[in-house]
Amino acid sequence: MHPVPDFLYGTAWKEDRTAALTELAIRAGFRGIDTANQRRHYHEAGVGEGLAAAYRAGIATRADLFLQTKFTYQRGQDHRLPYEPSASLPTQVAQSLASSLDHLATDHIDSFVLHGPSSGYEWTDADAEVWEAMRKERDAGGTRLLGVSNVSLQHLEQMESAQSELPAFVQNRCFARLGWDREVRSFCSQRKIVYQGFSLLTANPEVVQHPPLIALAAQMNATPAQLVFSFARAVGILPLTGTSSAEHMQQDLASLDLILPPELVQAMEAMAG
Ligand SMILES: NC(=O)c1ccc[n+]([C@@H]2O[C@H](COP(=O)([O-])OP(=O)(O)OC[C@H]3O[C@@H](n4cnc5c(N)ncnc54)[C@H](OP(=O)(O)O)[C@@H]3O)[C@@H](O)[C@H]2O)c1
């Protein structure tokens, strides 16, 4: 079983190119793949085709990979549902996971994530019911670990005060102007929850296009995107990239070797917070 990798390759919004890009990402060296059983934004069956192609080509085996997918409430889906909408929430969770295992042709995934709580404000009874169902799937061996996504500090504090099991992962959009989600990151680091950050480039154009950062990147023989990914890791964020470019895949992975001076990490953290 592969431990949690240093970088996750995200498969959203790739439609017909999902299989080819998933295979390309594994060829490039990514070992963590993020998807969701939400046909509206992801083509999970295409991810499975990409995995199969990578296995056939001998680039990786299932055991080399960290596979993460998500359960998405009906209101985040279109008509292409991976479960019976009239079924109870625990049954929807079980059906969604079974369908993911089928799409990905595996008997277990590494991480099963609640795509988003049912309310933007609080951790509801429905969320608690879904979380309990996800825990049961984990205990039955369908996933190794559990996560939650698109959560606020309040959601996490409510989970904790309800004495729910805390997730192994939090996956959030990371805005520099909010201190790169500082409060949630701090909650996570105090509890050894791995914080996964997405939209690190797209949510932060003011950072990526900041002239001094561009100049610094050039001096370091790197790109601004690489500085952002390297910064993310320096502050404990496990980054996602969903690039469709082979060159960017290489650059994103190469950012793992880029060590930023502590003053630069501090400056970037304070940049927009
Ligand atoms: N949990 C959730 O609700 C949620 C929501 C959104 C996303 N996600 C996950 O996160 C993944 C990543 O999504 P994202 O929102 O971060 O956006 P993204 O799909 O990764 O888009 C990043 C953008 O940055 C560009 N890029 C990537 N590497 C670059 C580089 N080295 N230099 C310059 N440009 C670069 C890409 O362009 P090129 O393609 O041209 O490289 C693309 O336009 C998704 O695929 C999905 O798995 C999860």
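The values are calculated or read from the model by the stated rules, or taken from the named source; none is laboratory data. Source: prediction; values computed, not measured. Glycine also receives a Cβ, built like all others from the backbone with ideal geometry; neighbour counts cover every protein chain displayed. To get the accessible areas, we keep the full protein, side chains included, count just its heavy atoms, and leave off ligands, DNA and RNA. Shrake-Rupley method; radii C 1.70, N 1.55, O 1.52, S 1.80 Å.
Mind listing just one residue for me: the one in segment 229-254 that is without any contact (Cβ under 8 Å) to a residue 40 or more places away in the chain and in a helix (DSSP H, G or I) and, of those, farthest from the chain's Cα centre (by Cα)? Across segment 229-254, the extreme among qualifying residues is Glu247. Considering the conditions (1) within 16 Å of the ligand (Cβ to nearest atom); (2) in contact (Cβ under 8 Å) with a residue 24 or more places away in the chain; (3) open to solvent by less than 60 Å² (accessible area, probe 1.4 Å), Gly141 is excluded by exactly one of them, (1). Of the residues in segment 182-200, none is within 18 Å of Glu263 (Cα to Cα) and part of a loop (DSSP other than H, G, I, E, B). The single condition among (1) surrounded by 15 or more Cβ atoms within 10 Å (Cβ to Cβ); (2) under 30 Å from Arg135 (Cα atoms); (3) touching a helix residue (DSSP H, G or I) at 6+ places or on another chain (Cβ under 9 Å) that Glu183 does not meet is (1).
Consider Ser111 carefully, then state whether it is open to solvent by 30 Å² or more (accessible area, probe 1.4 Å), of a type outside the set (A, V, I, L, M, F, W, C) and either touching a Ser or Thr at 6+ places or on another chain (Cβ under 8 Å) or in contact (Cβ under 8 Å) with a residue 12 or more places away in the chain (or both). Reasoning before the result, please.
On the way: open to solvent by 30 Å² or more (accessible area, probe 1.4 Å): no; of a type outside the set (A, V, I, L, M, F, W, C): yes; either touching a Ser or Thr at 6+ places or on another chain (Cβ under 8 Å) or in contact (Cβ under 8 Å) with a residue 12 or more places away in the chain (or both): yes.
It is false that Ser111 is open to solvent by 30 Å² or more (accessible area, probe 1.4 Å), of a type outside the set (A, V, I, L, M, F, W, C) and either touching a Ser or Thr at 6+ places or on another chain (Cβ under 8 Å) or in contact (Cβ under 8 Å) with a residue 12 or more places away in the chain (or both).
Flag set for Gly273, criterion: at pLDDT below 95, outside any helix (DSSP H, G or I) and either within 16 Å of the ligand (Cβ to nearest atom) or more than 15 Å from the chain's Cα centre (by Cα) (or both).
Cβ separations smaller than 9 Å between residues 6+ apart or across chains give the following pairs from segment 53-71 residues that are basic (Lys, Arg) to residues that are open to solvent by 60 Å² or more (accessible area, probe 1.4 Å) and outside any loop (DSSP other than H, G, I, E, B): Arg62/Tyr55.
Within segment 102-116, identify whether any single residue is part of a helix (DSSP H, G or I) and modelled with pLDDT of 95 or more, and answer yes or no. If you could, list the steps in order and put the result at the bottom.
Going residue by residue through segment 102-116, those that are part of a helix (DSSP H, G or I) are 102-103.
From what's left, modelled with pLDDT of 95 or more: 102-103.
For segment 102-116, residues part of a helix (DSSP H, G or I) and modelled with pLDDT of 95 or more: present.
Taking segment 188-211 as the region of interest, how many residues are away from the ligand (no atom under 16 Å from the Cβ) and surrounded by 20 or more Cβ atoms within 10 Å (Cβ to Cβ)? Walk me through how you get there before you give the answer.
Going through segment 188-211, the residues away from the ligand (no atom under 16 Å from the Cβ) turn out to be 189-192, 211.
The next check asks that each one be surrounded by 20 or more Cβ atoms within 10 Å (Cβ to Cβ); those that pass are none.
Adding up the residues that qualify gives 0.
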